[in-house]
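Coordinate-derived values only; no laboratory data. Owing to the predicted nature of the structure, the values given are computational and were not obtained by experimental measurement. Cβ atoms come from the backbone with ideal geometry, glycine included; neighbour counts cover every protein chain shown.
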Amino acid sequence: MAKSNKPIFWSLFAAGGTLAAFLAPALVLLFLLTSLGHAPDLLSYARLHAFAAHWFGKLFLFAVITLFLWHAAHRLRVTLYDFGLRQDGTVAVLAYLVAAAGTLLSALYLLRL
């Protein structure tokens, strides 16, 4: 039986989708309130920067950004295949390279905070 790397990408896709389903509506609501001028003190720049500078905040932000990127990469791959772009190998390599680059860049940025 041939070994496959599909479970790796499917698990990242599923984790990213689950996280997006739970976090995205809350993030939209918080940013909407902030843009309307009803931002709670918790969303002040100083507090958000302090959260992002803490090791737990960095880990949390890294997990959210990484899982969102890998979910989007897999969703893009499947969508392009459904639209008729049948070079699945090329699309997969490009999509996952972009997700990997985004993961690396987010790690580097968060470490510099």
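Using a Förster radius of 35 Å, what is the FRET efficiency between Leu33 and Leu85 based on their Cβ-Cβ separation? Nearest 0.05, please.
0.35
Between Leu111 and Val64, with labels modelled 7 Å along Cα→Cβ, what's the label distance in nm to one decimal, could you check?
A separation of 2.2 nm, rounded to one decimal place.
Which of (i) 17.4, 64; (ii) 16.7, 63; (iii) 17.1, 59 is the computed Rg and Dmax of the Cα atoms in Å for the structure on display?
Of the listed options (i) 17.4, 64; (ii) 16.7, 63; (iii) 17.1, 59, (iii) comes from this structure.
Over the chain, with a Gaussian network built from C-alpha contacts below 10 Å, which listed residue (Leu94, Leu69, Leu29) shows the highest mean-square fluctuation?
Comparing Leu94, Leu69, Leu29 in a Gaussian network model of the chain, the most mobile one is Leu29.
Kyte-Doolittle mean at least 0.0 and Cα extent at least 27 Å along the axis: which DSSP H helices of the chain qualify? Don't skip to the answer; put the middle values down first.
Values: long enough: 6-35 (40 Å, 1.64); 55-82 (40 Å, 0.88); 88-112 (36 Å, 1.46).
Counting only whole DSSP H runs, the qualifying helices are 6-35, 55-82, 88-112.
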